[in-house]
Every structure is written in C-alpha cells, then in structure tokens.
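What follows is a set of notes on a single structure, which appears directly below.
The values are calculated or read from the model by the stated rules, or taken from the named source; none is laboratory data. None of these values were measured; they are calculated from a predicted model. With ideal geometry, Cβ positions are generated from the backbone for all residues, glycine too; neighbour counts draw on all protein chains shown. Heavy atoms of the whole protein, side chains included, go into the accessibility calculation; ligands, DNA and RNA do not. Shrake-Rupley method; radii C 1.70, N 1.55, O 1.52, S 1.80 Å.
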Amino acid sequence: MTSLPIEELPSIIKEDVEDFLRTHPASPAARLRPRMGMVGDIWLAFIGPKLRKGASGLGHTPRGALEDFNRHFLEPLMSSNGSEPD
C-alpha cells in the first residue's frame with residue numbers, strides 16, 4: 001500500500017478532502033490530517049506507522065474514509081475506561 005499526506009494527493013482528490021476538513025474543523029481528521037491510501041478499491045485514512053483500531057478509517061471514497069476515521073477515533077481508549085462511545 002502506498003500512502004500520502006493530504007498535501008501530496010492528486011489535486012482533484014486533495015480539493016475534496018480539504019473541503020471535507022473545512023466543513024468539519026473540530027473533527028479528529030481536521031486536527032490530525034491523517035495520511036490517505038488505497039488497498040484495492042478501499043480508501044484508508046490513518047495516523048501512525050500502521051493501521052490500528054482507533055487511529056484509522058476505511059471507506060469507498062476519501063470522504064468515507066475520513067468519516068470512518070472520525071467515527072472511530074479513540075474508540076479503544078473509550079472502551080478501556082468503561083465509557084460507551086457516543
């Protein structure tokens with residue numbers, strides 16, 4: 001898998017990703033700007049050296065991967081302290 005920082009994505013994809021981040025400025029994805037990649041036809045958004053629960057998202061589009069990233073960010077931390085994620 002090849003992954004790129006958002007700034008290095010092809011311009012049409014970068015514009016769509018940047019638009020998503022602008023419309024969700026307080027989201028984990030906007031604050032952390034995860035790397036983006038693809039495996040087959042699935043987009044990935046992740047932080048860190050490898051995919052791991054709570055720090056990655058998957059989707060059929062770049063936006064879908066970012067939405068999933070936001071939805072699951074810090075999920076393991078929430079589970080480990082006994083709180084239920086919203």
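Things to note:
- Among the conditions (1) free of Cβ contacts under 8 Å to residues at least 24 places away in the same chain; (2) surrounded by 11 or more Cβ atoms within 10 Å (Cβ to Cβ); (3) not charged (D, E, K, R), Pro49 misses just one, which is (2).
- Taken together, the residues in the range 1-60 that are within 14 Å of His72 (Cα to Cα) and hydroxyl-bearing (Ser, Thr, Tyr) amount to 2.
- Search result, residues across the range 1-56 that are polar (S, T, N, Q) and under 19 Å from Arg71 (Cβ atoms): Thr23, Ser27, Ser56
For every residue, the table says whether it meets (1) open to solvent by less than 40 Å² (accessible area, probe 1.4 Å); (2) in a loop (DSSP other than H, G, I, E, B).
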| site | (1), (2) |
| --- | --- |
| Met1 | no, yes |
| Glu7 | no, no |
| Ile12 | no, no |
| Asp16 | no, no |
| Asp19 | no, no |
| Ala26 | no, yes |
| Arg31 | no, no |
| Gly37 | yes, no |
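- Residue within the range 60-80 that is open to solvent by 70 Å² or more (accessible area, probe 1.4 Å), at pLDDT 95 or above and not acidic (Asp, Glu) present: yes
- Of residues in the range 37-75 being basic (Lys, Arg) and in contact with a helix residue (DSSP H, G or I) (Cβ under 6 Å, 6 or more places away or on another chain), the one farthest from Glu7 (Cα to Cα): Lys53
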